[in-house]
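Nothing in this text is a laboratory measurement; each read-out follows from the coordinates by a stated rule. Owing to the predicted nature of the structure, the values given are computational and were not obtained by experimental measurement. All Cβ positions, even for glycine, are placed from backbone atoms using ideal geometry, and neighbour counts span all protein chains on display.
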Amino acid sequence: MPRSRSEMIAGTRARLVAAARQAFGTAGYADASMDAFTADAGLTRGALYHHFGDKRGLFQAVVQQIDAEMTERLARISAQAPTRWQGFVDEMTAYIEMALEPEIQRILFRDGPAVLGDISQWEHTSGCIQGMTATLEALRADGVLCDIDPEAAARLLNGASSHAATWIAASDDPERTSRQAVATFRALLEGLRRPVDNSVVRHLI
């Protein structure tokens with residue numbers, strides 16, 4: 001059965017994104033040859049221009065694909081935690097640690113800011129902040145979080161985690177920098193927790 005036009009368009013876009021992702025992840029954005037990766041996809045440079053406008057537009061599509069995959073992974077990590085708080089901590093630190101993965105490191109945290117600008121201004125960031133705000137509101141309602149503004153905290157934590165990831169990506173020793181960043185970030189998160197009332201704990205005992 002012949003494929004529909006929409007299926008053909010989707011297939012062409014998927015082939016271009018897959019070929020570009022491989023090129024950007026190995027050679028980097030600046031050195032990735034449009035002629036080479038379009039040829040690898042069995043397409044022409046004209047197809048790239050038609051579907052994505054230019055190389056930057058295709059790069060943005062690759063970033064969106066990787067970001068969506070990361071979001072799914074982080075959601076699974078959070079869901080596996082025994083408590084909402086632990087899920088939040090695990091999700092935030094896992095995001096930072098993903099900067100050690102070669103493809104994510106190069107595309108999102110090294111080339112991404114250079115090509116697409118400040119991560120805080122990327123299209124998906126507002127959705128991340130909204131989701132984080134909702135989680136912090138729930139944690140405050142649970143009595144786990146101290147009395148702070150959830151949206152303000154979400155924006156600050158989002159910026160801190162993104163900066164930590166770009167710091168790792170640019171480091172001469174990413175493994176060491178990741179350990180430093182994660183340990184310090186965990187300490188910062190602990191500072192947001194409501195102090196335990198020890199008198200209540202003693203009474204319960």
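Brief remarks on what is shown
- Within this structure, Ala187 passes the test of being among the aliphatic types (A, V, I, L, M), surrounded by fewer than 17 Cβ atoms within 10 Å (Cβ to Cβ), without any contact (Cβ under 8 Å) to a residue 24 or more places away in the chain and in a helix (DSSP H, G or I).
- Hey, Arg56 loosely packed, with under 14 Cβ neighbours inside 10 Å, on the phi < 0 side of the Ramachandran plot and touching a residue at least 40 places away in the same chain (Cβ under 8 Å) or not: yes
- Residue-level analysis places Ile129 outside the set of residues that are crowded, with 17+ Cβ neighbours inside 10 Å and touching a residue at least 60 places away in the same chain (Cβ under 8 Å).
Condition check ((1) part of a helix (DSSP H, G or I); (2) under 23 Å from Leu189 (Cα atoms); (3) basic (Lys, Arg)) across all residues:
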site	(1), (2), (3)
Ala61	yes, no, no
Gln65	yes, no, no
Ala68	yes, no, no
Ile77	yes, yes, no
Ala81	no, yes, no
Ala94	yes, yes, no
Ala99	yes, yes, no
Ile104	yes, no, no
Ile107	yes, no, no
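- Of the residues Met70, Met92, the single one that is surrounded by 19 or more Cβ atoms within 10 Å (Cβ to Cβ) and closer than 30 Å to Leu139 by Cα is Met92.
- In the range 80-98, the residues that are in contact with a Ser or Thr (Cβ under 8 Å, 6 or more places away or on another chain) and touching a residue at least 12 places away in the same chain (Cβ under 8 Å): Arg84, Phe88, Asp90, Glu91, Met92, Tyr95, Ile96, Glu97
- Residue, nearest to Thr83 (Cα to Cα), within the range 134-162, restricted to residues that are buried (at least 18 other Cβ atoms within 10 Å of the Cβ) and in contact with a Leu (Cβ under 9 Å, 6 or more places away or on another chain): Leu139
- Residues in the range 15-44 that are surrounded by fewer than 15 Cβ atoms within 10 Å (Cβ to Cβ), over 24 Å from the mean Cα position of the chain (by Cα) and without any contact (Cβ under 8 Å) to a residue 24 or more places away in the chain: 5 in all.
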